[in-house]
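Remarks on the structure that follows.
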Amino acid sequence: MARLLVSKVLSIVKDKDAYQWSKVKMLHLVCDCGPHFRSREGFAFFLHDLVKDWKVNVTLHFLGEQHGKGPVDRLFGWTCAWIEAFLQDRPIYGLQDLLACYRAGAQEMVNTDPPRPKFHIAKFDPGVTRPETRTYFQCPNLLITRTYCLKAVATPRSIRLTNNVFSDAQGEEIGNWEIEPRTMNEDDVESKTWRRTFWSGEKSWESTGPKPGEVNELVRRFSSQKHLEPPTPPEANDSVDLLLSKAAARLQNAALKKKRQAKALH
């Protein structure tokens, strides 16, 4: 899915003159440490296929485990605000309403603050079936789960990979690696069809709950942790100025929300 999504985004960027794609020499990709990104199939796409097909060098950054919050996640806060403002005027019943919501929110941000980021809102559809040929990165001397920054630079004859360990460090070149293509079996229909939803099979919230006296995973976790005492809460040491500023911010947000609600009623 990352292959199709990134390729779609790059095709949009490349075709728009405002982005000046011809001047891009190094493409920086920032991912979390999830196995759907830090995987052999993901490495083959990020470090080989992108460099070869898009004629651009790539630096792949992985955020530290459980430390992925930052400016990249700011988009989720923006979209939540867009949805909240949109719902004051009309409901969201489907994807078309959500697209209209995002377009309206993005345009409002541009109108109120032109220097802010520009947004391209589009529906992403990966198609019914996944690509038949998939590529995998093979390197016996590289521990994929211990990598946090890798760089792929095109050379006249090949691609030079460097394990920088950290984004601001200069690492050593990676050798003895190869890209393994795999063609899916035509009879493997199940694996060729995309799963449109994350959950498949029986859903835990639809199954019958445990009866009194039965032991399940939740009961076992409770039994193993019930002897633990909660930590002592820290003492409040906020200054008066800080408390007043927090209260003022809450009142201001409440006033803005009431103003939006009153505007929607007229």
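The values are calculated or read from the model by the stated rules, or taken from the named source; none is laboratory data. Predicted model only: the values in this text are computed from it and were never measured. In this analysis, Cβ positions are derived from the backbone assuming ideal geometry, glycine residues included, and neighbour counts consider all displayed protein chains. The protein model used for the area step is the full one, side chains on, heavy atoms only, and it has no ligands, DNA or RNA in it. Shrake-Rupley method; radii C 1.70, N 1.55, O 1.52, S 1.80 Å.
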Spin-label model distance (nm) - residue 1 vs residue 165, 7 Å beyond Cα toward Cβ: 3.4
Cα-based helix-to-principal-axis angle, 2-14 vs the chain, degrees rounded to 10: 90
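Using Cα pairs under 8 angstrom and six or more residues apart, how large is the relative contact order of the chain, in percent?
That works out to 18 percent.
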Mean Cα-pair separation over length for the range 18-67, i.e. relative contact order, pairs under 8 Å, 6 or more apart, %: 51
The range 1-110: relative contact order as a whole-number percent, Cα under 8 Å and 6+ apart: 22
Backbone HN-Hα couplings from phi across the range 167-181 [Karplus 6.51/-1.76/1.60, Hz, Gly and Pro as x]: 5, 9, 10, 10, x, 9, 6, 8, x, 6, 10, 8, 9, 9, x
Dimensionless Rg/Rh of the range 1-135 - Kirkwood Rh, Rg from C-alpha atoms: 0.99
Sites excluded, GluC sites (Glu not before Pro) in DSSP loops with at most 16 other C-beta within 10 Å, longest stretch of the chain: 66-131
Within straight-line cross-link reach of residue 14, lysines at Cα separation under 27 Å, skipping those fewer than 8 residues along the same chain: 23, 25, 52, 55, 118, 123, 151
Size of electric dipole in the range 1-105: Cβ of Lys, Arg +1 and of Asp, Glu -1, about Cα centre, debye, nearest 20: 420
Choice from 244, 218, 256 with maximal GNM fluctuation in the chain (Cα, 10 Å cutoff): 218
Within a Gaussian network of the chain (alpha carbon springs, distance under 10 Å), most fluctuating of 146, 134, 221: 221
Reachable lysines from residue 226, criterion Cα separation under 26 angstrom, eight or more residues apart if same chain: 211
Convex hull projection area averaged over all views, the chain, Cα basis, nm²: 24.2
Cα-based helix-to-principal-axis angle, 74-86 vs the chain, degrees rounded to 10: 50
Sites residue 133 and residue 24, calculated FRET efficiency, Cβ-Cβ separation with R0 22 Å, nearest 0.05: 0.25
Two-site FRET efficiency, residue 256 against residue 103, from Cβ-Cβ distance with R₀ of 22 Å, rounded to 0.05: 0.50
Residue among 57, 163, 253 with the largest mean-square fluctuation in a Gaussian network model of the chain, springs linking Cα atoms under 10 Å: 253
Additional length obtainable on full extension of the chain from residue 40 to residue 246, 0.36 nm per residue less Cα span: 69.5 nm
Value at 222 nm in deg cm²/dmol, rounded to 500, when DSSP H runs of n ≥ 4 in the chain each add -39,500 (n - 2.57): -11000 deg cm²/dmol
Amide hydrogen neighbours beyond the local backbone of residue 171, cut-off 5 Å, H modeled: 164
Acute angle (nearest 10 degrees) that the helix 240-265 long axis makes with the longest principal axis of the chain, alpha-carbon atoms: 90
Whole-Hz couplings from phi, Karplus 6.51/-1.76/1.60, listed for the range 216-223; x for Gly and Pro: 10, 4, 5, 5, 5, 5, 5, 5
Tail beyond 17 Å, pair distance distribution of the range 93-156 (Cα, percent): 70
Probe 1.4 Å, protein heavy atoms only - accessible area per residue of the chain in square angstrom: 76
